[in-house]
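Peer 1: Please read through the structure below; I'll follow up with questions.
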Amino acid sequence: MVKLFGQTLSRREVAERCGALSQFAGVRLMTLEDGVERGIRMLEFRTGSGLRFTVLIDRAFDIADCEFQGCAIGWHSPTGFRHPGLHEYEGEQGLSWARSFSGMLLTCGLDHILGPEETSAAAYNYPGKKTVRHGLHGRISTIPARLVGYGERWEGDRCVLWAEGEVRQASVFGEDLRLVRRIEADVGGDEIRLADRVVNHGFYRTPHMIFYHVNVGHPVLDDGARYLAPIADVVWAAHAGEAYERQGVGYRKVPPPQTNFREQVWQHEAAADASGVVPVAIVNDRIGLGFEVETKKAQLPCLYQWQHFQLGNYVMGIEPSSHHVLGDNAARERGEMIWLEHDEGRNYDVVFRVLDGPERISATEKRIRAIASQPVEDYPKPSGRFVRLSGR
């Protein structure tokens, strides 16, 4: 059954009330036509519950806008949704990714994550290519997808909005990795389901890394908003956390926008529930709205928290990852790199969920606390214990 506008309706009853479902829900294909965004194809999802989000086909099938009942959840940076044809991957010593950094979801990978780094290219068996120079967070987020399909699907009296795309990150004398992404949302629902499969389409043994840069902005992010996670251990903090106390910003609560704020990054060791699920949320009690990100520990064992509370760039990131914050070369040295043979792949399932109202926020907080109680201090001392990632 479909829950819409305070009613529970069958498929027939929905049809009786409109000439087309698109009157209040659906998926629509459009193209952006101005400025740095010109030429980007975009899918707009509307569930009818007030949940609206957009998928940038030509930006790795990532999610740009996300809002609920007119209230923004996803973050927009000053860069806009820059067309991938304008992106210079090798620019600014590998940091040019920041010139295309905007939106609720950016996918990082597929063969490298985190900061610029040079790694061995020996696996590709090409004498002229001894190393690969990776830029910040890898190449995938600025590669256009092939649109496989989109639309609505009725399953009895349940209606599912869906879209699927394939993104190819490939090179001669290099990787040939493919990301197949399916995004779904129920009509009348308040969650977005993302199902990814990364496959080595090539015949070289290829490294694979991935993480999801999930960016929440104002008004969910505001003075007093809270970060909720089942934290079993605080593993790491950039700059050893010393600057955090000087800035007066801990990991638990959000301050108002700051002048000259220096970004803060934590890695937490998150616990999972009995089914292996890790829920993390940012909640704003003042407006009664929160946003939850749910992942599977076995797929994404590491969790980062990114805080950037600078004036004009006010955002917090929930960042589930396949690898520790130590980086690409460290993953190889520790035996934790994922190496994919031909036609071998990995699956990743992520759920994004709107928490509408105090009751939903309270229930989520209780659920998270039942898994693990996060530290009560604002500046917990990092343990430096990077749990071995086995069975890659």
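Peer 1: I want to confirm something. Restricting to the stretch 164-198 and keeping residues that are in contact with a His (Cβ under 9 Å, 6 or more places away or on another chain), part of a strand (DSSP E or B) and over 19 Å from P320 (Cα atoms), which single residue is least open to solvent (accessible area, probe 1.4 Å)? Spell out how you get there, then give the answer.
Peer 2: Going through the stretch 164-198, the residues in contact with a His (Cβ under 9 Å, 6 or more places away or on another chain) turn out to be 168, 170, 175-178, 198.
In the following step, the residues that additionally are part of a strand (DSSP E or B) were identified as 168, 170, 176-178, 198.
Keeping just the survivors that are over 19 Å from P320 (Cα atoms) gives 168, 170, 176-178.
Values: R168: 117, A170: 68, D176: 33, L177: 0, R178: 43 Å².
The residue in question is L177.
Peer 1: Does any residue in the stretch 133-147 that is basic (K, R) come within less than 7 Å, Cβ to Cβ, of a residue that is in a strand (DSSP E or B) six or more places away or on a different chain, and which pairs are these?
Peer 2: Taking only residues 6 or more apart or on different chains, the pairs are R133/E118; R139/Q169; R146/G165; R146/E166.
Peer 1: Which members of the stretch 74-116 meet the condition of being more than 19 Å from M42 (Cα to Cα) and either in contact with a helix residue (DSSP H, G or I) (Cβ under 6 Å, 6 or more places away or on another chain) or aromatic (F, W, Y) (or both)?
Peer 2: E88, Y89, W97, G109, L110, H112, P116
Peer 1: Consider R197 carefully, then state whether it is modelled with pLDDT of 95 or more and closer than 30 Å to Y124 by Cα.
Peer 2: Details: modelled with pLDDT of 95 or more: yes; closer than 30 Å to Y124 by Cα: yes.
In short, yes.
Peer 1: I would also like to ask the following. Looking at E359, E269, E333 in this structure, which one is in contact with a strand residue (DSSP E or B) (Cβ under 7 Å, 6 or more places away or on another chain) and charged (D, E, K, R)?
Peer 2: Working: E359 fails: in contact with a strand residue (DSSP E or B) (Cβ under 7 Å, 6 or more places away or on another chain); E333 fails: in contact with a strand residue (DSSP E or B) (Cβ under 7 Å, 6 or more places away or on another chain).
After applying the criteria, what remains is E269.
Every residue, every condition in (1) within 15 Å of the chain's Cα centre (by Cα); (2) open to solvent by 10 Å² or more (accessible area, probe 1.4 Å); (3) of a type in the set (F, W, Y), yes or no:
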position: F309; (1), (2), (3): no, no, yes
position: S321; (1), (2), (3): yes, no, no
position: G327; (1), (2), (3): no, no, no
position: H342; (1), (2), (3): no, yes, no
position: R346; (1), (2), (3): no, yes, no
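Peer 1: Tell me, please, whether a residue that is farther than 29 Å from R99 by Cβ and either polar (S, T, N, Q) or touching a Gly at 6+ places or on another chain (Cβ under 7 Å) (or both) can be found in the stretch 318-339. Break it down stepwise before answering.
Peer 2: Step one: filter the stretch 318-339 for residues farther than 29 Å from R99 by Cβ, giving 333-336, 339.
Add one more test, that the residue is either polar (S, T, N, Q) or touching a Gly at 6+ places or on another chain (Cβ under 7 Å) (or both), and what stays is none.
No, because not a single residue in the stretch 318-339 is farther than 29 Å from R99 by Cβ and either polar (S, T, N, Q) or touching a Gly at 6+ places or on another chain (Cβ under 7 Å) (or both).
Peer 1: Pick from G138, G165, G189: which is in contact with a strand residue (DSSP E or B) (Cβ under 9 Å, 6 or more places away or on another chain) and under 26 Å from D356 (Cβ atoms)? Outline the logic, then answer.
Peer 2: Working: G138 fails: under 26 Å from D356 (Cβ atoms); G165 fails: under 26 Å from D356 (Cβ atoms).
Residue meeting the stated conditions: G189.
Peer 1: Of the numbered conditions (1) under 21 Å from S362 (Cβ atoms); (2) touching a Phe, Trp or Tyr at 6+ places or on another chain (Cβ under 9 Å); (3) not polar (S, T, N, Q), E319 satisfies every one except a single condition; which is it?
Peer 2: (1)
Peer 1: I'm trying to understand the selection: among the residues of the stretch 301-334, which are out of contact with any His (no Cβ under 8 Å at 6 or more places or on another chain) and without any contact (Cβ under 8 Å) to a residue 40 or more places away in the chain?
Peer 2: Matches in the stretch 301-334: E333 only.
Peer 1: Restricting to the stretch 145-163, name every residue that is more than 22 Å from the chain's Cα centre (by Cα) and not in a loop (DSSP other than H, G, I, E, B).
Peer 2: From the stretch 145-163, those more than 22 Å from the chain's Cα centre (by Cα) are 151-159; that's our starting set.
If the condition is that a residue be more than 22 Å from the chain's Cα centre (by Cα) and not in a loop (DSSP other than H, G, I, E, B), then G151, E152, R153, W154, E155, R158, C159 are the ones that fit.
Peer 1: Would you please name the residue that is farthest from F101 (Cα to Cα), looking only at residues in the stretch 212-241 that are open to solvent by 50 Å² or more (accessible area, probe 1.4 Å) and among the aliphatic types (A, V, I, L, M)?
Peer 2: Within the stretch 212-241, the match that is farthest from F101 (Cα to Cα) is A232.
Peer 1: Report, by residue number, each residue of the stretch 4-19 that is part of a loop (DSSP other than H, G, I, E, B) and open to solvent by less than 50 Å² (accessible area, probe 1.4 Å). Quick ask: steps written out before the conclusion?
Peer 2: To start, the set of residues in the stretch 4-19 that are part of a loop (DSSP other than H, G, I, E, B) comprises 5-6, 10, 17-19.
Across the stretch 4-19, the qualifying residues are S10, C18.
The values are calculated or read from the model by the stated rules, or taken from the named source; none is laboratory data. Computed from a predicted structure; not experimentally measured. In this analysis, Cβ positions are derived from the backbone assuming ideal geometry, glycine residues included, and neighbour counts consider all displayed protein chains. Side chains included, ligands, DNA and RNA excluded: accessible areas come from the protein's heavy atoms. Shrake-Rupley method; radii C 1.70, N 1.55, O 1.52, S 1.80 Å.
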